[in-house]
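Some notes on the structure that comes next.
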Amino acid sequence: MVNSYDECVGDDVSRKLQENIDSLLSKEKGTVYKDPGGRINVALVYPNTYHVGMSNLGFQGIYGILNSMRDIVCERVFLPEDKDIDEYVRTHTELFSMESKRTLNRFDIVAFSVSFENDYPNIVRIFELSRLPLRSSDRNSHHPLIIMGGVCAFFNPEPVADFFDICFIGEADEMLPEFLEVYKSSINRSEVLKKSMTVEGLYTPRFYSISYDAEGKISGRHQLENAPESIRRRYLKDISTSKIMTPIITSETEFSEMYLIEAMRGCPWNCRFCVAGKIYNPPRKKDLQAIEDEIQMALTRTKRIGLIGPSLSDYPYIKDVLKIPEVDFSITSLRASSKSAELVSLMKCHKSVSIAPEAGTERLRKVINKSITEEDILYTSELLFSGGIETLRLYFMVGLPTETREDIDGIVNLVKKIRNVSAKGYITLSISTFVPKPFTPFQWHRMETLTEVKERLKIIKKGLLPVKGVKVFHDVPKYAYMQGLFSMGDRRVSKVLEVMPKVQDWIMAAEEAGINKDSYIFRKREFNEILPWDFIDMGIAKQKLWDEYQEALSSHIKR
């Protein structure tokens, strides 16, 4: 085991990697450096680049929480940029942390924070660059304990479950202290794993085995060593007490030099496609005093403050917050309403605002339970443009359940109507492909075919091409289907991830791994089928979700 950074990355080429890290560190305010001696050493890993990871409030918040504990030292690790990966490989350098430049195998705990399914291949790449065995069963007491938290751990950790020793089912700021007490009181890895079963919300995948029937569907989940049959999701009851804050300010993020503050967690609306609206419920609002105190603390470091929440126009104190002087506020996307337009008027010099109609017709918005009307959208757009915004960003999806070409034409017509109510400014469409998500009413639904999705995108782009001041951006459908595989997948999908470092194309990797991707992506599921995530108790009855799914389908018939 190496004892110093110089022994690990000592040649001239490897020093370039150190210089790249030091360049990023030099632009940070709030970086924590602690002596690792006598402390539990945690490597906090975000499976994407620095720019993406440092824009994530949850990741930053856990870094701050861990480093606020006297007996913990937490350092950050990110997926290197492509050019840097080449340097790591060429110089046989192991991936190392930012703060002390130590390799991951010199930490006690390696904690992954995973927010997006399409980052799963990056998890495998990080293991590879760190020279750590990928599967938990191949690691021993000499390896770090490797754990997973973040949004993806909430709703379906199964595609990567075999890679991790423990998964956090729920909000880490609620259960992290309990886990650390278990870790401190245990004499070895085996004891940590067994004791973790007693902490609500902690899931230890190795204590469960899965069986499948002749059709390839899950036939049963089997507990070992008295493991609990289900894992109840944990959540923080009062987010005013949350210690999730922004410890580090830097220009090298999506929100340059901005301090992020969480105003709400959970959403009062019930959009049927949205997993965040389910797994973060019940909706919780931070007290005004708590936000005011955090803003005053943030102002000692920056005037740029971003308010985070799924529906900030529903935050009861939003006007009070936006009236605080000497602050350059930024807010996440708003609901289409006159109230949202009024909020934008309180933010001086705010040039861009996002709203999410999601669908182009009233009928389809009813199917997905998006409770806004065309009148709401047009009225809000007019108010926003007359209020001086330069760019209106509109979020839509294609491939939604029951969607027809008529609904796609509806997107084109709606944007034209928005353009007609105001010739000012620019309109930017961001279009994503619908992906079914666990714990939503659409978890049983299949994805639309690639050919049809491409055709629908083509119709939108062609229809809006002549319209002045309108730009259309969309995701790469191919990667939406990869997301669908990882979102709806079971443990067998991990074989695809194992192959991907050799075969970059995920479709070819699935073929080589012997995984029938279509059975996950294009197969409509039945109510009595065991779903990979059914062992998680999200506090939502499966029957209730099914009833809502049937209601969505019947509202389509009643058109």
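Brief remarks follow.
- Extension gain from GLU382 to VAL32, taking 0.36 nm per residue of separation minus the Cα-Cα distance: 121.4 nm
- Under the Karplus curve 6.51 cos²θ - 1.76 cosθ + 1.60, θ = phi - 60°, whole-Hz ³J(HN,Hα) for the range 546-554, x wherever Gly or Pro sits: 5, 4, 5, 4, 5, 5, 4, 5, 6
- Beta bridges assigned by DSSP with both partners in the chain are antiparallel in approximately 20 percent of cases.
- Across the range 5-231, Cα pairs under 8 Å and at least six residues apart give a relative contact order of 15 percent.
- In this structure, the residue pairs whose Cα-Cα separation is over 29 Å, taken from LYS27/LYS237; LYS195/LYS524; LYS237/LYS437; LYS319/LYS544; LYS27/LYS351, are LYS27/LYS237; LYS195/LYS524; LYS319/LYS544.
- Inter-site label distance for ASP534 and SER554 at 7 Å from Cα along Cβ, in nm: 2.4 nm
- The GluC sites (Glu not before Pro) of the range 487-550 that meet both conditions, a loop assignment by DSSP and at most 15 other Cβ atoms within 10 Å of the site Cβ, are GLU526, GLU529.
- Taking amide H as placed 1.01 Å from N in the peptide plane, the amide H of GLU94 sits under 5 Å from none that are at least 5 places away or on another chain.
- With semi-axes defined as the square roots of five times the eigenvalues of the C-alpha gyration tensor, the equivalent ellipsoid of the chain measures 37, 30, 23 Å, largest first.
- Förster-model FRET efficiency, 22 Å R0, GLU526 and HIS222, C-beta, rounded to 0.05: 0.50
- The GluC sites (Glu not before Pro) of the range 27-95 that DSSP puts in a loop, and whose beta carbon has at most 14 other beta carbons within 10 Å, are GLU81.
- Whole-Hz couplings from phi, Karplus 6.51/-1.76/1.60, listed for the range 488-494; x for Gly and Pro: 9, x, 10, 5, 5, 5, 4
- Summarising the overall dimensions of the range 280-429 from its C-alpha atoms, the Rg and Dmax are 16.8, 53 angstrom.
- Relative contact order of the range 71-122, pairs being alpha-carbon contacts under 8 Å that are 6 or more residues apart, as %: 29 percent
- MET508-LYS351 pseudo-label distance in nm [points 7 Å out on the Cα-to-Cβ vector]: 4.2 nm
- FRET efficiency for THR332 and GLU215, using Cβ-Cβ distance with R0 set to 35 Å, rounded to 0.05: 0.25
- Amide hydrogen proximity for PHE112: with H placed 1.01 Å from N in the peptide plane, the residues at 5 or more positions away or on another chain lying under 5 Å are VAL45, ILE147, MET148, GLY149.
- Cα-based reach from LYS83 at 17 Å (exclusive), listing lysines while leaving out same-chain residues under 8 positions away: LYS16
- Residues GLU390, GLU448 in ascending order of nearby Cβ atoms (within 10 Å, fewest first): GLU390, GLU448.
- Long-range amide H partners of GLU257 with built H, under 5 Å: THR250, SER251, GLU252
- Sequence-ordered 3J(HN,Hα) estimates for the range 207-212 from the Karplus curve with 6.51, -1.76 and 1.60 and θ = phi - 60° stand at 8, 9, 10, 10, 10, 10 Hz, glycine and proline given as x.
- The shape of the range 462-559 comes out oblate: with a ≥ b ≥ c from the C-alpha gyration tensor, a/c is at least 1.5 while a/b does not beat b/c.
- Extension gain, LEU25 back to LYS478 (0.36 nm per residue minus Cα-Cα distance, nm): 159.5 nm
- Taking trypsin sites (Lys or Arg not before Pro) across the range 45-122, the ones in a DSSP loop with at most 10 further Cβ atoms lying within 10 angstrom of their Cβ are ARG70.
- The chain, helix-only ellipticity at 222 nm - DSSP H runs n ≥ 4, -39,500 (n - 2.57), divided by all residues, nearest 500: -10500 deg cm²/dmol
- Length-normalised contact order for the chain - Cα pairs under 8 Å, 6+ apart - percent: 12 percent
- Ranked LEU299, LEU392, LEU457, criterion: other C-beta atoms within 10 Å, fewest first: LEU299, LEU457, LEU392
- Exposure proxy ranking, count of Cβ atoms within 10 Å, fewest first, for VAL327, VAL73: VAL327, VAL73
- Quotient of C-alpha Rg and 2.2 N^0.38 Å, computed over the range 5-231: 1.03
- Shape of the range 39-82, Cα gyration tensor, a/c cut at 1.5: oblate
- Among the listed pairs LYS339/LYS458; LYS417/LYS458; LYS303/LYS478, those with a Cα-Cα distance over 29 Å are LYS339/LYS458; LYS303/LYS478.
Bear in mind these aren't lab numbers, they're just calculated from the coordinates by the rules spelled out. What you are looking at is a predicted structure, and each value in this text was computed from that prediction instead of being measured. With ideal geometry, Cβ positions are generated from the backbone for all residues, glycine too; neighbour counts draw on all protein chains shown.
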